[in-house]
Amino acid sequence: LRADIVPAVVAPGTEVLVGGQSAFSVDFLEQTGTYTPIVFLFVLGLSFVLLTVAFRSIVIPAKAIVMNLLSVGAAYGLVVAFFQAGVGPGWVKSIAASLGFRQVEVIEAFIPLFMFSVLFGLSMDYHVFLLSRIKERFDVTRDNAESVAYGLRNTGSLITGAALIMLGVFGGFAAGRLAPLQQMGFGLGVAVLLDATIVRTVVVPASMKLLGSRNWYFPSWLEWIPKVSIEGVSHDEVIPEATPEPVSV
């Protein structure tokens with residue numbers, strides 16, 4: 001239409017624009033496809049840099065990104081299996097029908113990008129909770145296994161509670177009648193549930209236990225990066241003990 005028909009019926013140099021839902025959908029898909037890789041690379045790169053500075057390790061950031069991508073990837077697969085017509089086993093479609101999920105020919109174009117942005121933020125939030133406690137203990141004891149157990153013990157209930165709150169919020173979207181909201185709510189809710197129950201409480205601690213001291217590998221040529229304390233107080237600082245004042249009786 002734009003390349004052949006319009007030039008044949010109008011004068012040269014005339015600008016003709018096509019409107020309507022079809023034109024909007026085409027332009028939206030084009031813009032989404034253009035910027036999705038850019039957003040992915042920006043989020044992953046910025047996360048790696050910030051975690052490297054915060055934890056002074058290049059293994060921790062790389063592993064954190066991989067773990068977060070596991071949750072996002074699982075959510076993508078489940079959304080397709082539950083909502084896209086003709087994809088997924090029959091028992092999955094039966095569950096989707098019982099939950100009132102609408103079957104569609106294609107998943108909404110904005111869903112993958114939206115889910116990635118929200119889930120990566122939530123997953124990284126839970127990950128920092130856990131890693132902060134682990135590093136806090138490791139800096140004191142230098143015992144990796146004990147530090148992992150300490151971190152999991154002190155953040156397990158916090159991560160689970162936060163995940164349950166978000167699960168309730170996302171469940172409200174999934175209970176709606178609009179297919180895009182159902183896809184968004186279901187995908188986010190399932191990803192948060194998997195992240196809090198499997199990835200964050202099983203896979204992450206197990207991988208840190210197996211890697212041992214290699215978790216904290218930091219190349220010497222990166223020593224110029226300033227030390228930043230997540231808690232706001234450096235472990236190198238010595239806080240003087242308060243001198244008790246005499247009390248007269």
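Every number here is computed from the coordinates shown, using simple stated rules; none is lab data. Since the structure is predicted, the reported quantities are computational estimates derived from the model, not experimental observations. A quick note on method: Cβ atoms are made from the backbone with ideal geometry, for glycine too, and the neighbour counts reach across all protein chains shown.
From the backbone phi of segment 188-195, what are the Karplus-calculated ³J(HN,Hα) couplings (6.51 cos²θ - 1.76 cosθ + 1.60, θ = phi - 60°) in whole Hz, Gly and Pro given as x?
Rounded to whole hertz, the list is 5, x, 5, 5, 5, 5, 5, 5.
Which residue, 219, 116, 188, has the largest displacement toward the positive end of the dipole of segment 102-227 when charges sit on each Cβ (Lys, Arg +1; Asp, Glu -1)?
Going by the Cα projections, it comes out as 219.
Got the relative contact order for the chain handy, in percent, Cα pairs under 8 Å and 6 or more residues apart? Mind showing how you got there, number by number?
Details: 218 pairs, mean separation 57.2, N = 249.
Relative CO of the chain lands at 23 percent.
Using 1/(1 + (r/R0)^6) with R0 = 41 angstrom and r between the beta carbons of residue 35 and residue 206, what's the FRET efficiency to the nearest 0.05?
Values: r = 36 Å, r/R0 = 0.87.
Efficiency at R0 = 41 Å is approximately 0.70.
With angles folded into 0 to 90 degrees, how steeply does helix 144-174 sit against the dominant principal axis of the chain? Use alpha carbons for both and round to 10.
30 degrees
Can you find, among 170, 84, 64, the residue farthest towards the positive end of the dipole of the chain? Put +1 on the C-beta of Lys and Arg, -1 on that of Asp and Glu.
84
Over 30 Å apart: what share of the alpha carbon pairs of the chain falls there, rounded to a whole percent?
On the way: 14109 of 30876 pairs.
Summing the P(r) tail past 30 Å for the chain gives 46 percent.
Provide the FRET efficiency to the nearest 0.05 for the residue 44-residue 149 pair, computing r from the beta carbons and using R0 = 41 Å.
On the way: r = 29 Å, r/R0 = 0.71.
Using R0 = 41 Å, I get an efficiency of 0.90.
Using unit Cβ charges (K, R positive; D, E negative) and no other charged atoms, how large, in debye to the nearest 20, is the dipole of the chain about its Cα centre? Provide the component values of the computation, followed by the final result.
Working: 15 positive and 18 negative charges, 150 e Å.
In debye, rounded to 20, the chain gives about 720.
Calculate how steeply helix 21-55 sits against the longest principal axis of the alpha-carbon atoms of the chain, using the helix alpha-carbon long axis, and give the answer as 0 to 90 degrees to the nearest 10.
Taking Cα atoms only, the helix is inclined about 10 degrees.
Could you give the nm distance between label points at residue 58 and residue 179, where each point is 7 Å from its Cα heading toward the beta carbon?
Calculated label separation equals 4.6 nm.
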